[in-house]
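The values are calculated or read from the model by the stated rules, or taken from the named source; none is laboratory data. Being a predicted model, the structure only gives us computed values, none of them experimental. Backbone-built Cβ (ideal geometry, glycine too); neighbour counts: all protein chains shown. In case anyone asks, the SASA skips ligands and DNA or RNA and just uses the protein heavy atoms, side chains included. Shrake-Rupley method; radii C 1.70, N 1.55, O 1.52, S 1.80 Å.
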Amino acid sequence: MRAIVYTENGDPDVLQLVERPTPEPGPGEVRVRLALSGVNPTDWKSRRTNPPGSDGQVPDQDGSGTVDAVGEGVDPVLVGERVWIWEAAWQRPHGTAAEYTVVPARQVVLLGAGPSFELGAALGIPFLTAHRCLTVAESLPDRLGPGALTGSTVLVQGGAGAVGNAAIQLARWADATVIATVSSPRKAQLAAAAGATHVVDYRQQDVVAEVRKVAPQGVDAIVEVSAAANAAVDARVIGLHGAVAMYADDGGAEVTVPVRAQMTPNARWQFVLVYTEPERAKAIGVEDVNAAVLDGAVRVGADAGLPLHVFPLAETAQAHRAVEDGAVGKVLVDVTA
Ligand SMILES: NC(=O)c1ccc[n+]([C@@H]2O[C@H](COP(=O)([O-])OP(=O)(O)OC[C@H]3O[C@@H](n4cnc5c(N)ncnc54)[C@H](OP(=O)(O)O)[C@@H]3O)[C@@H](O)[C@H]2O)c1
């Protein structure tokens, strides 16, 4: 098969297109003939820092395609099913930037006939992270679905980002009021297209004042991409039993929180890493995200606030570079091209 592999850490040009044997699914595994690989910041960060094994590492966690073989103990009824894949490359060598990958059976999720492979490849990392961020507050349920967040207000810091977009879409599916922050009019359009009820330009407007207009008692959850930059704002708008869910260190590695002011609402400051979240939370996240997909409630593309940028397999290095340079929207690799 054709695959992208890196055998040393470094710049995108360590990614090489090679021919290698098609992997066989072991016990409990399935093999997927990939359609698209989804690229996330975690993929370039891994490429830069996580030493690959001796046979090299195929990059990228997320993908979509069709199950074409199953290993021992896996129901062969899966063969031929269209699926999306989560965490293919987490502590495994078989990422999704290849014609085939093998993953444990629980890491493929049935897409059915309707949803596109583009959507499938955009789900894993961003939507599972967003799900976790939206469910860690004590004041909120641990499952999402229509009506689950009725009467709740969510603040999404960075609403034009991939995780931000996913958080807006999932929270709106669950009937929350969603306030999203952005840094420009163009990003404001994207956050609105994703479904945000209110959009605040954090460069032009007073975020605390704008949030308080919508939620005088504060918000239930904050989906936070830059805790270092936004902690002072978050601390002033988090509501009773709410949670600030910090999923990235964009804009600064350390965070300062005013202790007493956060004792008053019994606020939670929750760190989130999708790979190591509790197993039950991950299982629920996968189920709920797929329910949103099958409901037609989550979408990709510019009219969903997530413009697509598709690269052929041989240009995976350019795809990684685009994500590393902060591409707005979703970067995908067409492994069939
Ligand atoms: N913990 C996890 O499990 C997990 C999972 C997924 C992603 N991540 C991490 O999360 C980060 C974002 O990932 P992504 O895929 O969503 O990236 P992305 O699509 O590039 O989005 C990042 C967004 O954050 C916004 N932003 C940056 N600083 C901000 C600030 N101070 N206030 C408000 N918004 C701000 C950016 O827009 P402006 O700069 O224009 O505001 C941009 O829209 C990456 O560092 C990634 O590695 C972590």
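Collect residues whose amide H, placed 1.01 Å from N in the peptide plane, falls under 5 Å from the amide H of V199; neighbours closer than 5 in sequence don't count.
Those qualifying (amide H under 5 Å, at least 5 residues apart or on another chain) are A180.
Return the percentage of antiparallel bridges among DSSP beta bridges fully within the chain, rounded to the nearest 5 %.
Numbers: 32 of 59 bridges.
Of those bridges, close to 55 percent are antiparallel.
With a sphere of radius 10 Å drawn around the Cβ of T42, what net charge do the other residues whose Cβ falls strictly inside it have (Lys, Arg +1; Asp, Glu -1)? Don't skip to the end; give the middle numbers.
Numbers: positive: K45, R47; negative: D43, D60, D62, E87.
Surrounding charge for T42 is -2.
Which of G95, G56, G251 ends up with the largest GNM mean-square fluctuation for the chain, with Cα atoms connected below 10 Å?
Per the Cα network of the chain with a 10 Å cutoff, G251 tops the list.
Which whole-number percent gives the relative contact order of region 205-271, counting Cα pairs below 8 Å spaced six or more residues apart? Don't jump to the answer; show the numbers that get you there.
Details: 120 pairs, mean separation 22.7, N = 67.
Answer for region 205-271 is 34 percent.
Any idea what the relative contact order of region 126-275 is, in percent, if you count C-alpha pairs under 8 Å spaced at least 6 apart? Could you put the intermediate results ahead of the total?
Values: 352 pairs, mean separation 35.3, N = 150.
The value is 24 percent.
Can you compute the helix-only [θ] at 222 nm over the chain? Use -39500 (n - 2.57) per DSSP H run of at least 4 residues, normalise by all residues, nearest 500 deg cm²/dmol.
Values: 10 runs with 97 residues, N = 337.
When only DSSP H runs of four or more count, the value is -8500 deg cm²/dmol.
Against the longest alpha carbon principal axis of the chain, how many degrees, from 0 to 90 and to the nearest 10, is the axis of helix 279-294 turned?
It works out to around 90 degrees.
Tell me, what ³J(HN,Hα) does each residue in region 145-156 have, in order and in whole Hz, if you take phi through Karplus 6.51 cos²θ - 1.76 cosθ + 1.60 with θ = phi - 60° and put x for Gly and Pro?
x, x, x, 4, 10, 4, x, 9, 10, 10, 9, 10
Under a Cβ-only charge scheme (Lys and Arg +1, Asp and Glu -1), can you give me the dipole magnitude of the chain about the Cα centre, in debye to the nearest 20? Please report the intermediate quantities before stating the final value.
Values: 26 positive and 39 negative charges, 162 e Å.
With Lys and Arg at +1 and Asp and Glu at -1, about 780 debye.
Compute, for E138, the solvent-accessible surface of its heavy atoms (probe 1.4 Å) with the complete set of protein chains present, and express it in square angstrom to the nearest 10.
120 Å²
If you plug each phi of region 168-177 into the Karplus form 6.51 cos²θ - 1.76 cosθ + 1.60 with θ = phi - 60°, what whole-Hz ³J(HN,Hα) values come out, in order, with x for Gly and Pro?
In residue order, the calculated couplings are 4, 5, 5, 5, 5, 4, 8, 6, 7, 7 Hz.
Output the relative contact order of the chain, whole-number percent, from Cα pairs under 8 angstrom with separation of 6+ residues. Intermediate values should be presented prior to the final figure.
On the way: 860 pairs, mean separation 61.7, N = 337.
Contact order relative to length: 18 percent.
Got a sec to turn the phi values of region 82-87 into Karplus ³J(HN,Hα) couplings, 6.51 cos²θ - 1.76 cosθ + 1.60 with θ = phi - 60°, whole Hz, x for Gly and Pro?
Rounded to whole hertz, the list is 7, 9, 10, 10, 10, 6.
Return the single residue from V233, V70, V300 with maximal mean-square fluctuation; model: Gaussian network over the chain, springs between Cα atoms under 10 Å.
V233
Given H placed on each backbone N at 1.01 Å, which residues far from V70 in sequence or on other chains put an amide H within less than 5 Å of it?
Counting only residues 5 or more places away or on other chains, the set is R31.
Please report the antiparallel percentage of the DSSP beta bridges confined to region 126-275, to the nearest 5. Walk me through the numbers before you get to the answer.
Values: 1 of 22 bridges.
That works out to approximately 5 percent antiparallel.
Indicate, rounded to the nearest 5 percent, the antiparallel portion of the DSSP beta bridges found entirely in region 223-337. Write out the running numbers ahead of the final one.
Values: 2 of 13 bridges.
Beta bridges within region 223-337, antiparallel portion: roughly 15 percent.
Among T316, T96, T256, which one shows the highest mean-square fluctuation when the chain is modelled as a Gaussian network with alpha-carbon springs under 10 Å?
Looking only at T316, T96, T256, the biggest GNM fluctuation is shown by T256.
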